[in-house]
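*Asks:* Have a look at the structure that comes next, please.
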Amino acid sequence: MHRRFCFATLAITALLAHPVIAQPAYDMGALPKGATFTWHADNGNATVKYLGQNGPLFKFRYTRDASQGQPVKVTSWSDRAGNTVKARVPSGTVTFTPHDCSMTPGTCKYTESHSRYGRRNVVSTGTFKGGIRHYTKHEDRVSPGTLLEKGTVSIDQYGVALDRDYQHFENGAVTKTGWTRRNR
């Protein structure tokens, strides 16, 4: 059950933004309202639309079509730096405290709380080299048995993902290998 909601939240945070190791001068407010990005992926076609600022947060709508299974709609809110702080997914609401670390270089810890499936602590580690972010996400602590996901993401000048390759893990074993390519 926990894996179902993780996919949608991991997908939206991965597609929106990933940082460079020396934090770029990046501001979610620089995106024009209504900016739309589309991807083709192993699990279907996806669109992310920037809906505008909502108080101090920036609101996005992620939609995946039914070309490879069930369609998915997710609404997410990010801070000014691009870290996701909340997402409304089909199975409930997910909050990230203080945020999901998707725009934080180095090692960053956060708590992921799902309104239906509970909480978990995540350790995210990211480096940026040659225009590509390399990252890992572990549950509770960094060790081979706690690895949840690892991958690479190339980003554009806004900090939005161009291409992504990743693997999901459970008990140290790969459970899914996936990819996403932005339509250009």
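The values are calculated or read from the model by the stated rules, or taken from the named source; none is laboratory data. Only a predicted model underlies this, so the values are computations on that prediction, with no experimental measurement involved. So basically every Cβ, Gly included, is an ideal-geometry build from the backbone, and we count neighbours across all protein chains shown. Quick note on the areas: whole protein, heavy atoms, side chains included, nothing else; ligands and nucleic acids left out. Shrake-Rupley method; radii C 1.70, N 1.55, O 1.52, S 1.80 Å.
*Asks:* Mind counting the residues in region 90-106 that are in a strand (DSSP E or B) and at pLDDT below 95?
*Replies:* Of region 90-106, the ones in a strand (DSSP E or B) are 92-97, 106.
Filter once more, so that each one left must be at pLDDT below 95: 106.
The qualifying residues number 1.
*Asks:* If you go through region 108-126 one residue at a time, do you hit one that is out of contact with any helix residue (DSSP H, G or I) (no Cβ under 8 Å at 6 or more places or on another chain), open to solvent by 50 Å² or more (accessible area, probe 1.4 Å) and either closer than 26 Å to Arg181 by Cα or among the β-branched types (Val, Ile, Thr) (or both)?
*Replies:* So far as region 108-126 goes, no, none of its residues is out of contact with any helix residue (DSSP H, G or I) (no Cβ under 8 Å at 6 or more places or on another chain), open to solvent by 50 Å² or more (accessible area, probe 1.4 Å) and either closer than 26 Å to Arg181 by Cα or among the β-branched types (Val, Ile, Thr) (or both).
*Asks:* Hey, another quick one. Go through region 163-176 and give me each residue that's surrounded by fewer than 18 Cβ atoms within 10 Å (Cβ to Cβ) and over 19 Å from Thr146 (Cβ atoms). Spell out the reasoning first.
*Replies:* Initially, region 163-176 is screened for residues surrounded by fewer than 18 Cβ atoms within 10 Å (Cβ to Cβ), giving 163, 165, 167, 170-176.
Within region 163-176, Asp163, Asp165 qualify.
*Asks:* Here is a further query. Would you point out which residue out of Phe60, Phe37 is touching a residue at least 24 places away in the same chain (Cβ under 8 Å), of a type outside the set (A, V, I, L, M), open to solvent by less than 20 Å² (accessible area, probe 1.4 Å) and part of a strand (DSSP E or B)? Walk me through it before giving the result.
*Replies:* Working: Phe37 fails: open to solvent by less than 20 Å² (accessible area, probe 1.4 Å).
On inspection, the qualifying residue turns out to be Phe60.
*Asks:* Looking only at region 116-171, which residues are in a loop (DSSP other than H, G, I, E, B) and not acidic (Asp, Glu)? Lay out the reasoning, then the answer.
*Replies:* To start, the set of residues in region 116-171 that are in a loop (DSSP other than H, G, I, E, B) comprises 116-117, 130-131, 140-143, 156-160, 171.
Listed by number, the residues that qualify are Arg116, Tyr117, Gly130, Gly131, Arg141, Val142, Ser143, Gln157, Tyr158, Gly159, Val160, Asn171.
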